[in-house]
Amino acid sequence: QVQFVESGGGLVQPGGALRLSCVVSGGIFSSYTMGWYRQAPGKQRELVATIWFGPIMYADSVKGRFAISRDNAKKTVYLQMSSLLPDDTAVYYCNTLPWRDWGQGTQVTVSS
């Protein structure tokens, strides 16, 4: 069974930066397409970035501000977020594509 443990969230002012991490256990990490998803209050969960062996993909809303990366040796995927906006406030999750059972996520709050 594949499991995800996200960390790195917190409260940050608009324009600030955060780096999220997700450690993956179970399965063969290096074979997975990995993604970062987020869910804001009252909204559906959305995919914001994906990474595999091909092109990295970003949602239009985060393009140029977020950067996804992975370390296969550490079985970890990262999301570097900069120029944060209040609209980026959400619980952030990592998962495979297609997705499996969800981890607990990490809360990101952008507010002054």
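Out of R65, R100, report the one residue that is touching a residue at least 12 places away in the same chain (Cβ under 8 Å) and farther than 16 Å from V12 by Cα.
R100
Taking V24, is it within 20 Å of L84 (Cβ to Cβ) and of a type outside the set (D, E, K, R)?
no
What number of residues within region 55-112 are charged (D, E, K, R), touching a strand residue (DSSP E or B) at 6+ places or on another chain (Cβ under 6 Å), open to solvent by less than 60 Å² (accessible area, probe 1.4 Å) and outside any strand (DSSP E or B)?
Matching residues across region 55-112 total 1.
Restricting to region 24-53, give me the number of residues that are surrounded by 13 or more Cβ atoms within 10 Å (Cβ to Cβ) and basic (K, R).
Looking only at that region, the number is 2.
The values are calculated or read from the model by the stated rules, or taken from the named source; none is laboratory data. Bear in mind the structure is a predicted one, so any value in this text is a computation, not a measurement. Ideal geometry is used to build each Cβ from the backbone, glycine not excepted, and the neighbour counts take in all protein chains shown. Surface accessibility is based on the protein's heavy atoms, side chains included, excluding ligands, DNA and RNA. Shrake-Rupley method; radii C 1.70, N 1.55, O 1.52, S 1.80 Å.
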